[in-house]
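Presented below is the structure to which this report refers.
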Amino acid sequence: MRRIITYGTFDLLHYGHIRLLQRCKEQGDYLVVALSTDEFNAGKGKKSYFSFEDRKRMLEAIRYVDLVIPEENWEQKADDVDRYHIDVFVMGDDWEGKFDELQEHCEVVYLPRTPEISTTQIKTDLSTK
């Protein structure tokens, strides 16, 4: 079984998120999503519209997602790869090169983002209406 992991906040879930999760799942058989906790987001200066528990429930309802775990800090990635026996670490290409050090643990793949949609764009669009 080929195991995949990706990370994110997944707030204001949209078709770009779904497409990313679908493409992650296409990399293997079992997809783990590490979901940023509210506390971790606060430390990054981010605030989600939906709580961690609500975002987790939404992700768990998506057929491509097999397991949702909390992302509590930047440093946990190598431990997660080992703990969950991950074969492929996947992130959007806006993070390209930022996680290459994980290549000593697993394959690292950066997927192109869905260009016409983002949570930031949705928030901007809603604030101007």
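Some observations on this one:
- Residue that is nearest to E71 (Cα to Cα), among those in region 1-36 that are in a helix (DSSP H, G or I) and of a type in the set (K, R): K25
- Across region 81-112, the qualifying residues are those that are of a type in the set (D, E) and more than 13 Å from the chain's Cα centre (by Cα), and the one among them that is farthest from T9 (Cα to Cα) is E104.
- Only residues that are of a type in the set (K, R), over 16 Å from G16 (Cα atoms) and not in a loop (DSSP other than H, G, I, E, B) were counted across region 41-56, and they come to 1.
Since every read-out is calculated from the coordinates, none of them should be taken as a lab result. Remember, it's a predicted structure, so these values are computed and weren't measured experimentally.
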